[in-house]
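Below you'll find the structure, written out as C-alpha cells, and then a few comments.
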Amino acid sequence: MLQLNRYAKLMIEVDVMENGERFSIEPGPEGVWIVDNRPDPNSFPELTESNYGRFISEFSREFPDHPFALAIEVTHAPPSYADEYEITLRCPVTFNAARNAMLIAAQWLEQDFDDHVGYVFGVFTERAETLLARLETDDSLRARIEAHVMPDLHKGDAKIETVAQDLGMSRQTLYRRLKDEGVTFAQILDDLRCRMASDYLSALKVFVNETAYLVGFSEASSFVRAFRRWTRMTPAQFRNQQPTAS
C-alpha cells in the first residue's frame, strides 16, 4: 500500500489527488476496507474499477483458492451492464455508495508471500524511484498542457476548463498549480503558438497562410500581428531570413 501510494504518478496519466494518499486502510467489524480517496471519483469511475480489478486478479493468481475481495462499494450509478460487475469482480458490488472501497478479510494483512516477491519489489522499487525523480524534475504541468493541446492546436479553441477536465482536475486547481509555476494558461498557448510557428517557418515547408492555420489562427492578418509581437518581424521576413531560403 505504501508503494502504491508513492508510485501512483507512474501508473496513470492524470492527476487524481491534490494531496494526501490515494488509498487508505480502514478496519471494520466485517474485515478491512481498502478505500480509494480520490476527491472526484465519478469523473473517472474506470480508475476505481480497474484498480480493484487489478487487486483481485493479482491475488487470485498468487492464491487461486482464496477469494480476495468480499465486497465492493462504488459511488457511481449502476450502468446498463451492472450485472457483469459481480461476475467479473467475483464479489457483491454496491452502486451509489458513499465511498469507493473494497472489503477484504483481515487475515490478508498478515499473509506471507514467496521470497521472490521481495527481490522483485526491490528491483522495481529502484527503477520506480529513478522514474519518479525524473518525473518530478521534468514533467511540469506546463509541459503536460502543451503535449495535450498540441494535436488540436490548429483548431484554435483550447479552453482551460476543457483541458482541466481532461487532465483530471478542476479549473481552480489547474489555475492554482499554474500560478505556482509562475505562468498562466494564456501564456502557455501564446508561447506554444510562437514556438510552433517559428519551427514551421524555419523549416521552409509551409507558407505564411498555412502556418497561421496550423497554430490556430483563422485569419492571416491576426497571425501576422501576433508574430510581429513575438519576434518584432513579420512571418515573411522571418521566413526569408532563414539560411536555406531561396
When Arg228 is evaluated against the numbered criteria (1) assigned to a helix (DSSP H, G or I); (2) under 16 Å from Arg144 (Cβ atoms); (3) not polar (S, T, N, Q), which criterion, by number, is the only one it fails? (2)
Can you tell me how many residues in the stretch 53-88 are in a loop (DSSP other than H, G, I, E, B) and either surrounded by 15 or more Cβ atoms within 10 Å (Cβ to Cβ) or on the phi > 0 side of the Ramachandran plot (or both)? 4
Screening Leu174, Leu153, Leu103, Leu178 for residues that are surrounded by 10 or more Cβ atoms within 10 Å (Cβ to Cβ), modelled with pLDDT of 80 or more, out of contact with any helix residue (DSSP H, G or I) (no Cβ under 8 Å at 6 or more places or on another chain) and not in a loop (DSSP other than H, G, I, E, B) leaves only Leu103
Within the group Thr48, Thr75, which residue is in contact with a helix residue (DSSP H, G or I) (Cβ under 7 Å, 6 or more places away or on another chain) and modelled with pLDDT under 90? Thr48
Looking at the stretch 38-52 only, could you name the residues that are within 20 Å of Leu70 (Cβ to Cβ) and surrounded by fewer than 18 Cβ atoms within 10 Å (Cβ to Cβ)? Ser50
Matching residues in the stretch 207-228 - criterion: being among the small types (Gly, Ala, Ser), out of contact with any helix residue (DSSP H, G or I) (no Cβ under 6 Å at 6 or more places or on another chain) and surrounded by 14 or more Cβ atoms within 10 Å (Cβ to Cβ): Ala226
(1) under 27 Å from Phe44 (Cβ atoms); (2) of a type in the set (Ser, Thr, Tyr); (3) at pLDDT below 90: which one isn't true of Thr94, the others all being true? (3)
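Quick grid of which residues meet (1) under 28 Å from the mean Cα position of the chain (by Cα); (2) over 24 Å from Ala128 (Cα atoms); (3) among the acidic types (Asp, Glu):
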| site | (1), (2), (3) |
| --- | --- |
| Pro27 | no, yes, no |
| Val32 | no, yes, no |
| Asn37 | yes, no, no |
| Thr48 | yes, no, no |
| Glu73 | yes, yes, yes |
| Ile87 | no, yes, no |
| Ala98 | yes, yes, no |
Taking the stretch 186-206 as the search range and keeping residues that are surrounded by 15 or more Cβ atoms within 10 Å (Cβ to Cβ) and within 23 Å of Tyr175 (Cβ to Cβ), which one is farthest from the chain's Cα centre (by Cα)? Cys194
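Among the residues of the stretch 176-207, what is the count of those that are aliphatic (A, V, I, L, M) and under 15 Å from Trp230 (Cα atoms)?
Selection size over the stretch 176-207: 7.
Quick one: count up the residues across the stretch 30-45 that are touching a strand residue (DSSP E or B) at 6+ places or on another chain (Cβ under 8 Å) and either assigned to a loop (DSSP other than H, G, I, E, B) or modelled with pLDDT under 85 (or both).
Within the stretch 30-45, the subset touching a strand residue (DSSP E or B) at 6+ places or on another chain (Cβ under 8 Å) is 30-38, 41.
Keeping just the survivors that are either assigned to a loop (DSSP other than H, G, I, E, B) or modelled with pLDDT under 85 (or both) gives 30, 37-38, 41.
Number satisfying all stated conditions: 4.
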Being among the charged types (D, E, K, R) and assigned to a loop (DSSP other than H, G, I, E, B) is the filter; apply it to the stretch 1-29 and report the residue that is modelled with the lowest pLDDT. Glu13
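The values are calculated or read from the model by the stated rules, or taken from the named source; none is laboratory data. Everything numeric in this text was worked out from a predicted model, so none of it was measured. With ideal geometry, Cβ positions are generated from the backbone for all residues, glycine too; neighbour counts draw on all protein chains shown.
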